[in-house]
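In what follows, a single structure is set out as C-alpha cells and then discussed.
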Amino acid sequence: AAGAMAAVRDVEIDPEGTFKYILVRLQRPGGGEQRDIVRGTKAAEFHNHIFEKVNPEMEKLGYECKCLGGGKIEHNSKDKKIRVFGLSTGYGKADHSVTVEILKKEYTDYEITWSDDKK
C-alpha cells in the first residue's frame, strides 16, 4: 500500500504560465496514512475541474480525496521561479505555506514564494 501512495506524484503542475491549483489530501479509508499533493493546470477553468479529474484517479488507487483549498500558481521555468497566491471561490484558500513545502520537494533549484495577494 505504501508503494501505491509513493507512486502518486507530489506535484503535477503546468510547466509554464499562471493557472489555478488545488491542495488535495489523500487518505486511506479508515484513517492511517495520508499525504497532501498539489495539482494545477491552465486547462482548468475552475478549481473543481482539477478536483474532478484527480478524485477518480485517486479513488482507483484506493484513496479518499479531500480538497484543502486552492489558489493560483505562477510558474516561470526560465527564471526558475514559482509564486503561489490567490484563493479558490469554491474551496477557499489553500495553506500556501504547505503548498510551497510540497513544491520545494519537486522544484529543488527554484525560488518559490507565496502571498495572500489576489493577483
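The values are calculated or read from the model by the stated rules, or taken from the named source; none is laboratory data. As the structure is a computational prediction, the values presented were derived from the model and not from experiment. Because the Cβ atoms are built from the backbone with ideal geometry, glycine has one as well, and the counts that use them run over all protein chains shown. Note: accessible area is taken over every heavy atom of the protein model, side chains too, but ligands, DNA and RNA are not part of it. Shrake-Rupley method; radii C 1.70, N 1.55, O 1.52, S 1.80 Å.
Just wondering, is there one or more residues in segment 57-69 that are in contact (Cβ under 8 Å) with a residue 40 or more places away in the chain, at positive phi and touching a Leu at 6+ places or on another chain (Cβ under 7 Å)?
yes
Could you grab the pairs with beta carbons closer than 8 Å, sequence gap of 6+ or different chains, first residue in segment 104-119 and free of Cβ contacts under 8 Å to residues at least 12 places away in the same chain, second one in a loop (DSSP other than H, G, I, E, B)?
104/110
Kindly indicate whether residue 78 is closer than 17 Å to residue 110 by Cβ and either free of Cβ contacts under 8 Å to residues at least 24 places away in the same chain or open to solvent by 70 Å² or more (accessible area, probe 1.4 Å) (or both).
yes
Could you tell me how many of the residues in segment 1-56 are at pLDDT 95 or above, part of a helix (DSSP H, G or I) and open to solvent by 20 Å² or more (accessible area, probe 1.4 Å)?
Adding up the residues that qualify gives 7.
How many of the residues in segment 106-119 are over 14 Å from residue 81 (Cα atoms) and open to solvent by 90 Å² or more (accessible area, probe 1.4 Å)?
Total satisfying the criteria: 2.
Looking at segment 90-100, can you tell me whether even one residue there is in a strand (DSSP E or B) and either out of contact with any Lys or Arg (no Cβ under 6 Å at 6 or more places or on another chain) or among the charged types (D, E, K, R) (or both)?
yes
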